[in-house]
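All remarks here apply to the structure that follows.
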Amino acid sequence: MTSAEREAIAKRALAASTADQTEVIVSVSDSALTRFTRGISNQNVAATDRSISVRAIVGGRTGVASTNETSDAAVDAVTARAIALAAFAPADPQQPALPSGGATPTPPGAYVETTAHADPFARAHIADAIVSQAEIAGFWGAGYVATSSSGITIANSAGALASFDGTDAQANVKVIADDSSGFAEHYATDIERIDGHEIGRRAVTKTRDGANPRSVEPGPWTVILEPPAIGELLTYLLSHFSAQSYDEGSSFFSGRLGERFFADGVTIRDDYAHPLAPGMPFDYEAQPKTRPTLVERGAVREIVTDSYYAHKLGRPNTGHALPAPNAWGPQALNVVVDPGSTSADELISQTERGLLISRFWYIRTVDQKRAIVTGMTRDGTFLIDHGRIAGGVRNLRFNQSIVDALAHAVFANDAHRTGGYGYSLVVPTVKIEGFRFTSTTEF
Amino acid sequence: MEFEELADRTLDTAAARGAQYADVRFERVRNERIEVRNGIVSTLSDAASTGYGIRALVDGAWGFAASADLTPTGVDAAAARAVAIARASASIARRPFGAPPERAYTDRFATPVTRDPASVPLGERVALLLEAEKLAHAAPQIAVARAWIDLWLTDKFFFSSIGSKIEQRIRQSGSGLQAMAVGDGDVQTRTFPGDVGLYQSGGWEIVEAARLRENAARIGEEAAALLTAPQCPSGTFDVILGGSQVSLQIHESCGHPAELDRVLGWEANFSGTSFLELDQLDRLEYGSPLVTIVIDNTMPLGMATCGYDDEGTQSGRSDIVRDGVLRGYEMSNDTARSIGRESNACVRAQSWEYVPMIRMCNLSLLPGGTPFEHLFDDVRDGVYMESNRSWSIDDRRLNFQFGCEIGWEIKNGKRGRLLKNPTYAGMTPTFWRSCDAIADELSWFAWGTPNCGKGEPMQTGRTTQAAAPARFRNVQVGVGYGD
């Protein structure tokens, strides 16, 4: 469905609505994923879908209805349903006017035709290249190659109208040997930038280097976190920058905006237009996204808002609304950490004794206010001894405040895209002192 | 049967394109959600979706394609895409793996419903939540209270090229409430019932059974009291877990590692593998002899209860752990065949646009013989914990650490003062071997999980883990807060 076709549906719903305020989100997606393991493709899938979601606001009362039928009758019916639902909600005195939108130019590189039209054999070709590298080494690999294209149009009764089309291509692999494993990934918008051989080789190297792992004692360690590891850790901190969390008091810095919590070298921004991860230039209310600096040289500078929290807190609307309704409030989803001045290799060579960590697993919040999380290392954990990689170690469990970790963080001068759980992140490798491990596991 | 004409066309197209077997699953899905937050109806939504997913088998390899296009040309295109994807799978396969199911069924199934949610006026539903949420503001420290209702209506129509025609009308309902208290540098949360609310298969009677109004004030008071409660100590203690926490414990430490696709390496890059390897079957002492865990996809109130799974296999009951010994897995047709067994109907897709995959479905730790209050009797120094707050386990499901919302000290057989931030940790088989008492059937309950994540693309599964409170000896407690 083209953006013009999506706009036509949105305009029909707006015309059909008798609500005080109406917002229509029309979205389409075509996603495919080729998953592989142990010499087979265990999940090879594709799905196309569309959605029309109508938010109707009547006298401060809000109802939301959605459908995936696109006929005129279905559009009229879902609009009427949203209005009918609104009648059952008490009026919300904080309900603001919907934003009127603005210019929303798509960042370069967000949509790539080759990715949008990739067929299953293109994905299979990359998967085969990855698997071949593992097989040559005498190992086996499990992973996926995915491509997707999506389009979204948002229009509202205040005059906002914004459309975006984007693509994504991703591949990853876990290469597995008798007593070690290694992980590699690549995120892009262009499938032609994904080199299966290179991804496979990286994972094979980690697997080979991790053979015959030794156990190390838990306790405080100097760690070097590669981008997938620091990226996943950060996703458990980002909700603290939501105006909702800040307002409710559950953010680690509620009431302390402007204070310094982190090391001087820590600067974190939300930037939908980063060249490595170009994304949607407006939020789910059609408000143009700003590119706020959340943390500047260790000090917390901004929280992200949507129209509701901008109105409630008397702050600017930063353009970070999620689709209505949602329980999470506005969120920073396109996060970029500024690189430092030292290379990742130098961070390792300057480490007397530490651990190099490829990836984390199953991170969960233990203590919301202090941002303490627990989780495991996974798929490539190595001992650093006198500045050199000295072999693999068995995996460890950590319990660590992310705030405390970033207070002792030095970022390298590289930049890698990683992601997951709805986030897009561009992050460097990082060195952290005193990272707290509490137990080990058997592998 | 509804969609039969389109299904015939789909299966004919897949066969004409070269599929040796195909099935198609049409679904009409509706989810109504209401959420009240601090006196405001923050969510009042009604989402409807209709579409279909096609599985095609070519040369021992599978392809799957899904679409919402219900026109004849739409199903033709989707069927052709499924076959093309299967051919791509075959092109990189080092060995054939898939095979058609052996049995076909023509049948209907419908979830028993006592009270159709559609008969409950929307205003009544909203009023229930507004009242419960207001009652949860039982102390000035409550910064946020929430209450919610979820209703799912799923109509499935499964057709296969070996002749299956299965219609299922599945109804699932849930509700819950939560209070968050904010103090000086601390946030404490209480949730009811359990840790996500009460989710079961059925109608409005499930929402009524939660008794939100009757428990809201207590939950708010407990959240506020936790702000000033002493910290749970660190060390080795006997632990008694409430029923919903035992439910999560079996979900994470038994349900997931017993998924046979995970054992075979199908989830290796994401959800992980399993310590329940094939050479451990019928040998591994998973837990103490008190521990028997079964899959029962026919049990009343189970979120995964249905007549047939999404491969068209009839639901039944089978052992995972019997008297402490590993006896089986959650299986699909292909994975079961690879170990010389038959599927136990544990295959589900989130909805029509997702490929069916192995899920733990309804997992059940059978009740023991100890009345709940007697679990405490010979605990000299221990902690009783309820309602999960944090859960993490390694990617082979061995090293785990869980935290609960609330705990109580146990001294000399008596439950004592409130403790905040209780956590416990261990290694799965060691932990289950330390289980020396499970409460009786009066405390046994079908706890539903509405949001179990697995697979790539990630799918959300709705599962049940039935369990009663249980006692474990010499457990590491207080991890995460100690040194």
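Which numbered condition in (1) within 14 Å of chain A (Cβ to nearest Cβ); (2) out of contact with any strand residue (DSSP E or B) (no Cβ under 6 Å at 6 or more places or on another chain); (3) surrounded by fewer than 21 Cβ atoms within 10 Å (Cβ to Cβ) is the only one that B:R283 fails?
Among (1) within 14 Å of chain A (Cβ to nearest Cβ); (2) out of contact with any strand residue (DSSP E or B) (no Cβ under 6 Å at 6 or more places or on another chain); (3) surrounded by fewer than 21 Cβ atoms within 10 Å (Cβ to Cβ), B:R283 violates only (1).
Could you list all residues from the range B:333-376 that are open to solvent by 10 Å² or more (accessible area, probe 1.4 Å) and β-branched (V, I, T)?
Passing the criteria: B:I339, B:V355, B:T370.
Please state which of the following conditions A:S71 fails to meet, knowing it meets all the rest: (1) more than 30 Å from B:E456 (Cβ to Cβ); (2) more than 8 Å from every other protein chain (Cβ to nearest Cβ); (3) in contact with a helix residue (DSSP H, G or I) (Cβ under 6 Å, 6 or more places away or on another chain).
(3)
Inspect all residues belonging to the range B:390-411 and state whether any of them is buried (at least 23 other Cβ atoms within 10 Å of the Cβ), hydroxyl-bearing (S, T, Y) and in contact (Cβ under 8 Å) with a residue 12 or more places away in the chain.
Checked against the condition, which is being buried (at least 23 other Cβ atoms within 10 Å of the Cβ), hydroxyl-bearing (S, T, Y) and in contact (Cβ under 8 Å) with a residue 12 or more places away in the chain, the range B:390-411 yields no hits at all.
Of all the residues that make up the range A:347-373, how many are of a type in the set (D, E, K, R) and within 9 Å of chain B (Cβ to nearest Cβ)? First the steps, then the outcome.
Initial filter on the range A:347-373 (of a type in the set (D, E, K, R)): A:352-353, A:359, A:364, A:367, A:369-370.
Filter once more, keeping what is within 9 Å of chain B (Cβ to nearest Cβ): A:364, A:367, A:369-370.
Adding up the residues that qualify gives 4.
Restricting attention to the range B:97-112, does a residue exist that is in contact (Cβ under 8 Å) with a residue 24 or more places away in the chain, closer than 30 Å to B:G197 by Cα, crowded, with 20+ Cβ neighbours inside 10 Å and touching a strand residue (DSSP E or B) at 6+ places or on another chain (Cβ under 7 Å)?
yes
Only one residue in A:A184, A:A177 is surrounded by 24 or more Cβ atoms within 10 Å (Cβ to Cβ) and either of a type in the set (D, E, K, R) or closer than 21 Å to B:R396 by Cβ (or both). Which one?
Result: A:A184 is the single residue among A:A184, A:A177 that is surrounded by 24 or more Cβ atoms within 10 Å (Cβ to Cβ) and either of a type in the set (D, E, K, R) or closer than 21 Å to B:R396 by Cβ (or both).
Quick one: in the range B:465-479, of everything that is touching an Asp or Glu at 6+ places or on another chain (Cβ under 8 Å) and open to solvent by 10 Å² or more (accessible area, probe 1.4 Å), which residue is nearest to A:A47 (Cα to Cα)?
B:R471
Tell me, please, whether a residue that is among the polar types (S, T, N, Q), assigned by TED's automatic domain parsing to the domain that holds A:E23 and buried (at least 17 other Cβ atoms within 10 Å of the Cβ) can be found in the range A:117-132.
no
What are the pairs, 6+ residues apart or on separate chains, where a residue within the range A:125-139 that is more than 8 Å from every other protein chain (Cβ to nearest Cβ) and farther than 17 Å from A:D195 by Cβ has its Cβ under 7 Å from a residue that is in a helix (DSSP H, G or I) and among the polar types (S, T, N, Q)?
A:F139/A:T207
Do you know which of the residues in the range B:437-464 that are open to solvent by less than 50 Å² (accessible area, probe 1.4 Å) and among the hydroxyl-bearing types (S, T, Y) is nearest to the other protein chains (Cβ to nearest Cβ)?
Looking at the filtered set, the residue picked out is B:T449.
Against the conditions (1) at the interface with chain B (Cβ under 9 Å from one of its Cβ atoms); (2) touching a helix residue (DSSP H, G or I) at 6+ places or on another chain (Cβ under 8 Å); (3) surrounded by 24 or more Cβ atoms within 10 Å (Cβ to Cβ); (4) part of a strand (DSSP E or B), where does A:A47 fall short? Just the number, please.
Exception for A:A47: condition (2).
Just to be sure, is B:V196 open to solvent by 30 Å² or more (accessible area, probe 1.4 Å), among the hydrophobic types (A, V, I, L, M, F, W, C) and part of a strand (DSSP E or B)?
Details: open to solvent by 30 Å² or more (accessible area, probe 1.4 Å): yes; among the hydrophobic types (A, V, I, L, M, F, W, C): yes; part of a strand (DSSP E or B): no.
Considered against the rule, which asks whether it is open to solvent by 30 Å² or more (accessible area, probe 1.4 Å), among the hydrophobic types (A, V, I, L, M, F, W, C) and part of a strand (DSSP E or B), B:V196 comes out as no.
Looking only at the range B:22-61, count how many residues are more than 7 Å from chain A (Cβ to nearest Cβ), more than 30 Å from A:N44 (Cα to Cα) and part of a strand (DSSP E or B).
5
May I ask you to say which residue of B:A216, B:A229, B:A223 is farther than 30 Å from B:A110 by Cα, buried (at least 17 other Cβ atoms within 10 Å of the Cβ) and more than 29 Å from the chain's Cα centre (by Cα)?
B:A229
Within the range A:425-443, count every residue that is surrounded by fewer than 23 Cβ atoms within 10 Å (Cβ to Cβ) and out of contact with any Pro (no Cβ under 9 Å at 6 or more places or on another chain).
So the count comes out to 2.
State whether one or more residues within the range B:136-150 are of a type in the set (K, R) and surrounded by 19 or more Cβ atoms within 10 Å (Cβ to Cβ).
The answer is yes, given that some residue of the range B:136-150 is of a type in the set (K, R) and surrounded by 19 or more Cβ atoms within 10 Å (Cβ to Cβ).
Where residues in the range A:13-32 are assigned to a strand (DSSP E or B) and surrounded by fewer than 24 Cβ atoms within 10 Å (Cβ to Cβ), which of them is nearest to the other protein chains (Cβ to nearest Cβ)?
Ranking the candidates gives A:S31 first.
Starting from the range A:89-115, keep only residues that are exposed (fewer than 14 other Cβ atoms within 10 Å of the Cβ), then list their pairs with residues that are part of a helix (DSSP H, G or I) and not charged (D, E, K, R) whose Cβ atoms are within a distance under 7 Å, requiring at least 6 positions of separation or different chains.
Pairs found: A:Q94/A:Y308; A:Q94/A:H311.
Report the residue count in the range A:138-154 for those that are open to solvent by 30 Å² or more (accessible area, probe 1.4 Å) and within 30 Å of A:A211 (Cβ to Cβ). Full working, then the answer.
In the first step, residues of the range A:138-154 are kept if they are open to solvent by 30 Å² or more (accessible area, probe 1.4 Å); the result is A:138-140, A:148, A:150.
Among the residues that remain, those that are also within 30 Å of A:A211 (Cβ to Cβ) are: A:138-140.
Matching residues across the range A:138-154 total 3.
Could you identify the single residue in B:A147, B:A138 that is farther than 27 Å from B:T305 by Cα and assigned by TED's automatic domain parsing to the domain that holds B:V182?
That would be B:A138, the only listed residue that is farther than 27 Å from B:T305 by Cα and assigned by TED's automatic domain parsing to the domain that holds B:V182.
Would it be correct to say that B:G340 is of a type outside the set (A, V, I, L, M, F, W, C) and either outside any loop (DSSP other than H, G, I, E, B) or on the phi < 0 side of the Ramachandran plot (or both)? Talk me through it step by step, then tell me what you get.
Working: of a type outside the set (A, V, I, L, M, F, W, C): yes; either outside any loop (DSSP other than H, G, I, E, B) or on the phi < 0 side of the Ramachandran plot (or both): no.
No.
Could you check how many residues of the range A:137-187 are in contact with a Lys or Arg (Cβ under 7 Å, 6 or more places away or on another chain) and either within 17 Å of A:A229 (Cα to Cα) or modelled with pLDDT under 95 (or both)?
Total meeting the criteria: 5.
Taking the conditions exactly as written (modelled with pLDDT under 95 and aliphatic (A, V, I, L, M)), does B:V479 satisfy them or not?
Answer is yes for this residue.
Out of the residues in the range B:280-323 that are without any contact (Cβ under 8 Å) to a residue 40 or more places away in the chain and outside any loop (DSSP other than H, G, I, E, B), which is farthest from B:E205 (Cα to Cα)?
That would be B:R322.
The values are calculated or read from the model by the stated rules, or taken from the named source; none is laboratory data. Everything numeric in this text was worked out from a predicted model, so none of it was measured. Note that we place each Cβ from the backbone using ideal geometry, even for glycine, and neighbour counts take in every protein chain shown. For the accessible areas, the whole protein counts, side chains as well, though only heavy atoms, and no ligand, DNA or RNA atoms are used. Shrake-Rupley method; radii C 1.70, N 1.55, O 1.52, S 1.80 Å.
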